[in-house]
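The values are calculated or read from the model by the stated rules, or taken from the named source; none is laboratory data. No experiment lies behind these values; they were computed from the predicted model shown. With ideal geometry, Cβ positions are generated from the backbone for all residues, glycine too; neighbour counts draw on all protein chains shown.
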């Protein structure tokens, strides 16, 4: 993250003060719901902005605007027209433009960049974001963490969502925790149930720590 510098100045020389957080994961794991939760909890205490990615629509941005989690002017939608991870990993120009426009208008402390839904190979370019979290869900079964992939193994935070579904799909959360800990080699993992615990407390706690420059994270 670039060191803060207050004041105006030409856009080409002004140093940004925001932390850029990528939110990735497969389709339907709860990425947009998590972004909404982070906006609801953190919005009253800091300046936020959001960039969403959809292939052909602006559905995720429309959802966030309709939910009223942020001023609509703080939400930008990117229509990738291609494989979702291409727009946040390989050809990041449209996302970078959206982020920089939001930073110029609002000087946010935190910019959330939500990828379109993709698979376990999804990662963000370090030219776009500072930190990335990866969201998987219990509905895919307890085998998902041990399948690995860069999103699961190398993200700064792994979020295992929809824990309320575990009894319905026969998933063992202890197995998921064990396998996630093994493949991530000490990187943090949290479990969430955004339906019954909409505040996403473990993710918020981790993010607050990173915003304070701390490396500590809550245990699963």
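The one condition from (1) at pLDDT 95 or above; (2) assigned to a helix (DSSP H, G or I); (3) within 24 Å of residue 118 (Cβ to Cβ) that residue 73 does not meet is (3). Of the numbered conditions (1) more than 19 Å from residue 31 (Cβ to Cβ); (2) free of Cβ contacts under 8 Å to residues at least 40 places away in the same chain; (3) not in a loop (DSSP other than H, G, I, E, B), residue 177 fails exactly one; give the number of that condition. Of the numbered conditions (1) more than 19 Å from residue 31 (Cβ to Cβ); (2) free of Cβ contacts under 8 Å to residues at least 40 places away in the same chain; (3) not in a loop (DSSP other than H, G, I, E, B), the odd one out for residue 177 is (2). Residues in the range 143-168 that are touching a helix residue (DSSP H, G or I) at 6+ places or on another chain (Cβ under 6 Å) and either at pLDDT below 95 or more than 21 Å from residue 194 (Cα to Cα) (or both): 146, 148, 153. Scan the range 117-136 for residues that are surrounded by 24 or more Cβ atoms within 10 Å (Cβ to Cβ) and either in a loop (DSSP other than H, G, I, E, B) or over 14 Å from the mean Cα position of the chain (by Cα) (or both) and jot them down. Result: 122, 124, 129.
If only residues of the range 101-116 that are in a strand (DSSP E or B) and under 17 Å from residue 53 (Cβ atoms) are counted, the one that is farthest from the chain's Cα centre (by Cα) is 111.
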